[in-house]
Amino acid sequence: MKKFENQGNVDTRSGFGAGMDELGESNKDVVALCADLTGSLKLNDFADKHPGRFFQVGIAEANMIGMAAGMTIGGKIPYATTFANFATGRVYDQIRQSVAYSGKNVKICASHAGVTLGEDGATHQILEDIGMMKMLPGMTVINTCDYNQTKAATLAIAEHEGPVYLRFGRPKVANFTPKDQKFEIGKAVQLTEGTDVTIVATGHLVWQAILAAEELEKDGVSSEIINIHTIKPLDAEAIIASVKKTGCVVTCEEHNYLGGLGESVARELALSHPAPQEFVATQDTFGESGSPDELMEKYGLNNKAIVKAVKKVLDRK
């Protein structure tokens, strides 16, 4: 199995901040809006260097989305930023009506997604945002796995015409993807080749899938890992091709199993190539307070849970 080097643990939100810093210099149409969370979204450098292009709207997320939609009419590329819970659940009506319905070129960039938000608890964690956003017609949904990929995605979505939901996180996680990668929206990244099981993972679960595959290899199980950074549009072709070879799949996400990546994969399998599937995801529940590692353990979102799911799906082949 191919080995991956962890270049050092770092939070994905810092990758977003680095991408915004670069865009601040390279694309004068990019503007940033923030709902009283400048530091949390790593936007301090952008705000300091480009004060005329940074808008602190305060705790007024609905107004922020409306402002962002209006700015696109003048040719600006607004990045509207806050925690994932507030970027989606609090303002879904504004996103639907002012952004998605009219196809506005707004980039909704959401940090602190999933249970790895940690100690802030269930009211600030969101585990249904991917489902909410992927159901909006025309909305592109991206969920990145590490610092380098988040930075690359932040740069790439500026060149994409249309609304985007970019989801990333708070905790420091392994940074293992190439520093100079080209981010292609809608194009899956195959990390390993395998013959026994396909592991389709997104976000923080990609590194956990790599750790799981290393453990499975000790038992003679050959895993093919696919990094799905873009959940919509989904690279169904890559997934189906892999499952045709391995005969089964495990989907992994820090999200409710209802409405997330797993359901999108299940739909494609049902239409094109039915095969056994297991879901590593939260089981229709809210989160709670705790450290990220504790919560990932409790809710079955780590490498141990993936190993268990793989063994289960192999028994169903």
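Inside region 154-181, can you point out the residues that are without any contact (Cβ under 8 Å) to a residue 60 or more places away in the chain, part of a loop (DSSP other than H, G, I, E, B) and within 27 Å of Q125 (Cα to Cα)?
G162, T177
Restricting attention to region 64-78, does a residue exist that is touching a residue at least 60 places away in the same chain (Cβ under 8 Å) and not in a helix (DSSP H, G or I)?
Step one: filter region 64-78 for residues touching a residue at least 60 places away in the same chain (Cβ under 8 Å), giving 77.
Retained after the next criterion (residues that are not in a helix (DSSP H, G or I)): 77.
Taking every residue of region 64-78 in turn, at least one turns out to be touching a residue at least 60 places away in the same chain (Cβ under 8 Å) and not in a helix (DSSP H, G or I).
Out of the residues in region 134-148 that are among the hydrophobic types (A, V, I, L, M, F, W, C) and out of contact with any Lys or Arg (no Cβ under 8 Å at 6 or more places or on another chain), which is farthest from Q208 (Cα to Cα)?
M135
Would you pick out the residues in region 262-293 that are within 16 Å of L234 (Cβ to Cβ), out of contact with any strand residue (DSSP E or B) (no Cβ under 7 Å at 6 or more places or on another chain) and hydroxyl-bearing (S, T, Y)?
Passing the criteria: only S272.
Does region 45-63 hold any residues that are free of Cβ contacts under 8 Å to residues at least 12 places away in the same chain and closer than 22 Å to D11 by Cβ, and which are they?
If we filter region 45-63 for residues that are free of Cβ contacts under 8 Å to residues at least 12 places away in the same chain, which is where we start, we get 48, 51-52, 63.
Correct list: D48 only.
Looking at V221, V265, V206, can you tell me which residue is in contact (Cβ under 8 Å) with a residue 24 or more places away in the chain, of a type in the set (A, V, I, L, M, F, W, C) and more than 19 Å from C145 (Cα to Cα)?
Exactly one residue qualifies, and that residue is V221.
Checking G66 against (1) buried (at least 17 other Cβ atoms within 10 Å of the Cβ); (2) closer than 15 Å to A110 by Cβ, which test does it fail?
Result: G66 passes all but (2).
Take region 136-169 and flag every residue that is in contact with a Pro (Cβ under 8 Å, 6 or more places away or on another chain) and closer than 20 Å to M20 by Cβ.
Scanning region 136-169 gives T140, N148.
Kindly indicate whether L136 is surrounded by 18 or more Cβ atoms within 10 Å (Cβ to Cβ) and either modelled with pLDDT under 95 or over 22 Å from T154 (Cβ atoms) (or both).
Here the answer is no, as L136 does not meet what is asked.
Go through (1) crowded, with 24+ Cβ neighbours inside 10 Å; (2) not assigned by TED's automatic domain parsing to the domain that holds L271 and name the single condition A212 misses.
(2)
Which one is surrounded by the most Cβ atoms within 10 Å (Cβ to Cβ), of the residues in region 1-30 that are within 23 Å of N85 (Cβ to Cβ) and touching a Pro at 6+ places or on another chain (Cβ under 9 Å)?
T12
Is one or more of the residues making up region 90-113 touching a residue at least 60 places away in the same chain (Cβ under 8 Å), buried (at least 22 other Cβ atoms within 10 Å of the Cβ), part of a loop (DSSP other than H, G, I, E, B) and small (G, A, S)?
Yes, region 90-113 contains a residue that is touching a residue at least 60 places away in the same chain (Cβ under 8 Å), buried (at least 22 other Cβ atoms within 10 Å of the Cβ), part of a loop (DSSP other than H, G, I, E, B) and small (G, A, S).
Kindly indicate whether T150 is outside the structural domain of H229 (by TED's automatic domain parsing), part of a helix (DSSP H, G or I), out of contact with any strand residue (DSSP E or B) (no Cβ under 7 Å at 6 or more places or on another chain) and hydroxyl-bearing (S, T, Y).
Details: outside the structural domain of H229 (by TED's automatic domain parsing): yes; part of a helix (DSSP H, G or I): yes; out of contact with any strand residue (DSSP E or B) (no Cβ under 7 Å at 6 or more places or on another chain): yes; hydroxyl-bearing (S, T, Y): yes.
In short, yes.
Collect the residues in region 12-37 that are of a type in the set (S, T, N, Q) and either under 20 Å from the mean Cα position of the chain (by Cα) or assigned to a helix (DSSP H, G or I) (or both), keeping them in residue-number order.
Answer for region 12-37, where residues must be of a type in the set (S, T, N, Q) and either under 20 Å from the mean Cα position of the chain (by Cα) or assigned to a helix (DSSP H, G or I) (or both): T12, S14, S26.
The values are calculated or read from the model by the stated rules, or taken from the named source; none is laboratory data. Everything numeric in this text was worked out from a predicted model, so none of it was measured. Virtual Cβ from ideal backbone geometry, glycine too; neighbours counted across all protein chains shown.
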